[in-house]
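Undergrad: The structure's right below; bear with me while I get my questions together.
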Amino acid sequence: MKKPANSPKVLVRAADLAAQGYTRFQIPALLRRGELTRMSRGLYYWTNAPLSAHSTIASVGKLVPNGIICLLTALRFHEIGTQNPGSVWVALPSNYKTPKLSNISISAVHFGTKFSKIGVAVVAIDGVSVKITNPARTVVDCFRFGTKSGLILPLRHLRKVLGKELSHPMNS
(Lines give C-alpha, C1' and ligand atoms only; values in the text may rest on other atoms or scores of the structure.)
Protein backbone atom coordinates (compact mmCIF):
# COMPACT_ATOMS: atom_id res chain seq x y z
CA MET A 1 0.00 0.00 0.00
CA LYS A 2 1.36 3.37 -0.98
CA LYS A 3 0.55 6.69 0.61
CA PRO A 4 -2.32 8.36 -1.23
CA ALA A 5 -0.88 10.96 -3.62
CA ASN A 6 -3.38 13.63 -2.60
CA SER A 7 -2.61 13.41 1.13
CA PRO A 8 -0.87 16.60 2.38
CA LYS A 9 0.00 15.03 5.74
CA VAL A 10 3.60 14.04 6.14
CA LEU A 11 3.41 13.33 9.88
CA VAL A 12 0.60 10.99 10.86
CA ARG A 13 -0.78 9.32 13.96
CA ALA A 14 -2.63 6.02 14.03
CA ALA A 15 -5.96 7.89 13.86
CA ASP A 16 -4.81 9.67 10.70
CA LEU A 17 -3.87 6.32 9.16
CA ALA A 18 -7.28 4.91 10.13
CA ALA A 19 -8.93 7.87 8.38
CA GLN A 20 -6.94 6.93 5.26
CA GLY A 21 -8.27 3.36 5.42
CA TYR A 22 -5.41 1.60 7.23
CA THR A 23 -6.01 -0.64 10.24
CA ARG A 24 -3.75 -0.68 13.30
CA PHE A 25 -2.64 -4.16 12.21
CA GLN A 26 -1.24 -2.76 8.94
CA ILE A 27 1.06 -0.25 10.62
CA PRO A 28 3.79 -2.81 11.49
CA ALA A 29 3.79 -4.04 7.88
CA LEU A 30 4.13 -0.47 6.59
CA LEU A 31 7.07 0.01 8.97
CA ARG A 32 8.73 -3.27 7.92
CA ARG A 33 8.41 -2.41 4.22
CA GLY A 34 9.94 1.00 4.86
CA GLU A 35 6.89 2.94 3.64
CA LEU A 36 6.37 4.43 7.09
CA THR A 37 9.00 5.48 9.65
CA ARG A 38 8.41 5.90 13.38
CA MET A 39 9.29 9.43 14.50
CA SER A 40 8.21 8.97 18.11
CA ARG A 41 5.78 6.71 19.97
CA GLY A 42 2.47 7.04 18.15
CA LEU A 43 3.85 9.35 15.45
CA TYR A 44 4.99 8.30 11.99
CA TYR A 45 6.02 9.90 8.72
CA TRP A 46 5.71 8.66 5.18
CA THR A 47 9.20 7.68 4.09
CA ASN A 48 8.72 8.94 0.53
CA ALA A 49 7.50 12.37 1.70
CA PRO A 50 10.08 15.12 2.24
CA LEU A 51 10.45 16.37 5.80
CA SER A 52 11.31 19.99 6.45
CA ALA A 53 14.16 21.24 8.60
CA HIS A 54 11.52 21.84 11.29
CA SER A 55 10.08 18.31 11.40
CA THR A 56 10.87 17.95 15.11
CA ILE A 57 8.81 21.08 15.83
CA ALA A 58 5.98 19.64 13.72
CA SER A 59 6.22 16.39 15.70
CA VAL A 60 5.85 18.21 19.00
CA GLY A 61 2.98 20.23 17.55
CA LYS A 62 1.23 16.99 16.60
CA LEU A 63 1.93 15.15 19.88
CA VAL A 64 1.34 18.13 22.20
CA PRO A 65 -1.58 19.97 20.56
CA ASN A 66 -2.14 22.25 23.59
CA GLY A 67 1.49 23.35 23.58
CA ILE A 68 2.98 26.49 22.09
CA ILE A 69 6.49 26.36 20.63
CA CYS A 70 8.48 29.08 22.41
CA LEU A 71 11.79 30.42 23.72
CA LEU A 72 14.96 28.99 22.14
CA THR A 73 13.04 26.84 19.66
CA ALA A 74 10.97 29.81 18.49
CA LEU A 75 14.14 31.94 18.26
CA ARG A 76 15.66 29.31 15.98
CA PHE A 77 12.48 28.95 13.91
CA HIS A 78 12.34 32.73 13.36
CA GLU A 79 16.09 32.75 12.56
CA ILE A 80 16.90 35.04 15.48
CA GLY A 81 20.30 34.39 17.00
CA THR A 82 22.57 31.42 16.53
CA GLN A 83 21.68 29.19 19.46
CA ASN A 84 20.63 25.68 18.52
CA PRO A 85 18.51 24.30 21.37
CA GLY A 86 19.14 20.77 22.58
CA SER A 87 15.43 20.26 23.18
CA VAL A 88 12.15 21.63 21.87
CA TRP A 89 10.86 24.40 24.12
CA VAL A 90 7.11 24.31 24.58
CA ALA A 91 4.74 26.39 26.71
CA LEU A 92 1.94 24.44 28.33
CA PRO A 93 -1.20 25.48 30.18
CA SER A 94 -0.41 25.85 33.89
CA ASN A 95 -2.28 22.68 34.87
CA TYR A 96 -0.45 20.40 32.38
CA LYS A 97 2.48 18.15 33.16
CA THR A 98 5.45 18.06 30.81
CA PRO A 99 4.92 15.14 28.42
CA LYS A 100 7.61 12.53 27.99
CA LEU A 101 8.14 11.71 24.33
CA SER A 102 10.35 8.98 22.97
CA ASN A 103 13.13 10.26 20.69
CA ILE A 104 12.28 13.95 21.29
CA SER A 105 13.58 15.99 24.20
CA ILE A 106 11.15 18.60 25.53
CA SER A 107 11.75 21.51 27.89
CA ALA A 108 8.59 23.14 29.19
CA VAL A 109 7.43 26.37 30.76
CA HIS A 110 3.89 27.06 31.86
CA PHE A 111 1.74 29.95 30.64
CA GLY A 112 -1.39 31.20 32.33
CA THR A 113 -4.56 31.45 30.25
CA LYS A 114 -4.15 35.14 29.42
CA PHE A 115 -0.62 34.57 28.07
CA SER A 116 -1.57 31.63 25.86
CA LYS A 117 -3.14 33.75 23.11
CA ILE A 118 -1.05 36.94 22.99
CA GLY A 119 1.60 36.91 20.28
CA VAL A 120 0.91 33.35 19.17
CA ALA A 121 0.70 32.41 15.50
CA VAL A 122 -0.31 29.16 13.84
CA VAL A 123 2.05 27.94 11.12
CA ALA A 124 1.90 24.86 8.90
CA ILE A 125 4.95 22.63 9.13
CA ASP A 126 4.96 19.28 7.32
CA GLY A 127 1.16 19.38 7.12
CA VAL A 128 0.76 20.04 10.86
CA SER A 129 -0.74 23.22 12.33
CA VAL A 130 1.73 24.32 14.99
CA LYS A 131 1.24 27.13 17.52
CA ILE A 132 4.40 29.21 17.94
CA THR A 133 5.19 32.53 19.56
CA ASN A 134 5.84 35.38 17.10
CA PRO A 135 9.31 37.02 17.09
CA ALA A 136 8.41 39.90 19.43
CA ARG A 137 6.66 37.63 21.93
CA THR A 138 9.55 35.18 21.75
CA VAL A 139 12.05 37.83 22.80
CA VAL A 140 9.76 39.05 25.61
CA ASP A 141 9.47 35.47 26.87
CA CYS A 142 13.25 35.14 26.74
CA PHE A 143 13.41 37.97 29.26
CA ARG A 144 10.62 36.42 31.37
CA PHE A 145 12.15 32.96 31.41
CA GLY A 146 15.80 33.89 30.78
CA THR A 147 17.28 32.04 33.73
CA LYS A 148 15.23 28.92 33.05
CA SER A 149 15.99 28.74 29.32
CA GLY A 150 19.67 29.54 29.75
CA LEU A 151 19.56 32.64 27.55
CA ILE A 152 22.52 34.82 28.25
CA LEU A 153 22.07 37.71 25.81
CA PRO A 154 18.39 38.35 25.13
CA LEU A 155 19.19 42.03 24.46
CA ARG A 156 21.08 41.06 21.31
CA HIS A 157 18.01 39.15 20.12
CA LEU A 158 15.77 42.11 20.97
CA ARG A 159 17.94 44.43 18.89
CA LYS A 160 17.77 42.01 15.96
CA VAL A 161 13.96 41.75 16.18
CA LEU A 162 13.59 45.52 16.54
CA GLY A 163 15.81 45.99 13.51
CA LYS A 164 13.57 43.64 11.49
CA GLU A 165 10.40 45.33 12.75
CA LEU A 166 11.71 48.84 12.03
CA SER A 167 12.88 47.95 8.52
CA HIS A 168 9.71 46.02 7.62
CA PRO A 169 7.90 47.55 4.58
CA MET A 170 4.60 47.63 6.51
CA ASN A 171 6.15 50.13 8.94
CA SER A 172 6.94 52.68 6.20
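Undergrad: Can you run down the residue pairs with Cβ atoms below 7 Å, 6 or more apart or on separate chains, where the first is in the range 69-85 and more than 16 Å from residue 124 (Cα to Cα) and the partner is of a type in the set (Gly, Ala, Ser)?
TA: 71/149; 72/149; 75/81
Undergrad: Look at residue 89 and say whether it is surrounded by fewer than 24 Cβ atoms within 10 Å (Cβ to Cβ), modelled with pLDDT of 90 or more and of a type in the set (A, V, I, L, M, F, W, C). Walk me through it before giving the result.
TA: Details: surrounded by fewer than 24 Cβ atoms within 10 Å (Cβ to Cβ): no; modelled with pLDDT of 90 or more: yes; of a type in the set (A, V, I, L, M, F, W, C): yes.
Taking the combined requirement at face value, the residue does not satisfy it.
Per-residue answers, yes or no, for (1) modelled with pLDDT under 90; (2) among the small types (Gly, Ala, Ser); (3) within 18 Å of the chain's Cα centre (by Cα):
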| position | (1), (2), (3) |
| --- | --- |
| 1 | yes, no, no |
| 14 | no, yes, no |
| 26 | no, no, no |
| 36 | no, no, no |
| 50 | yes, no, yes |
| 61 | no, yes, yes |
| 74 | no, yes, yes |
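Undergrad: Given the structure, is residue 97 within 28 Å of residue 115 (Cα to Cα), basic (Lys, Arg), assigned to a loop (DSSP other than H, G, I, E, B) and more than 13 Å from the chain's Cα centre (by Cα)?
TA: yes
Undergrad: A follow-up question, please. Could you tell me whether residue 9 is closer than 17 Å to residue 122 by Cα and either among the hydrophobic types (A, V, I, L, M, F, W, C) or open to solvent by 40 Å² or more (accessible area, probe 1.4 Å) (or both)? It would help to see each step written out before you state the result.
TA: On the way: closer than 17 Å to residue 122 by Cα: yes; either among the hydrophobic types (A, V, I, L, M, F, W, C) or open to solvent by 40 Å² or more (accessible area, probe 1.4 Å) (or both): yes.
It is true that residue 9 is closer than 17 Å to residue 122 by Cα and either among the hydrophobic types (A, V, I, L, M, F, W, C) or open to solvent by 40 Å² or more (accessible area, probe 1.4 Å) (or both).
Undergrad: Residues 82, 56: which one is part of a helix (DSSP H, G or I), open to solvent by 10 Å² or more (accessible area, probe 1.4 Å), within 29 Å of residue 145 (Cα to Cα) and not aromatic (Phe, Trp, Tyr)?
TA: Within the list 82, 56, the selection yields 56.
The values are calculated or read from the model by the stated rules, or taken from the named source; none is laboratory data. A quick note: this is a predicted structure, and the numbers were derived from the prediction, not measured. We place every Cβ from the backbone using ideal geometry, glycine too, and count neighbours over all the protein chains shown. Calculation scope for accessible area: heavy atoms of the full protein, side chains included, ligands and nucleic acids excluded. Shrake-Rupley method; radii C 1.70, N 1.55, O 1.52, S 1.80 Å.
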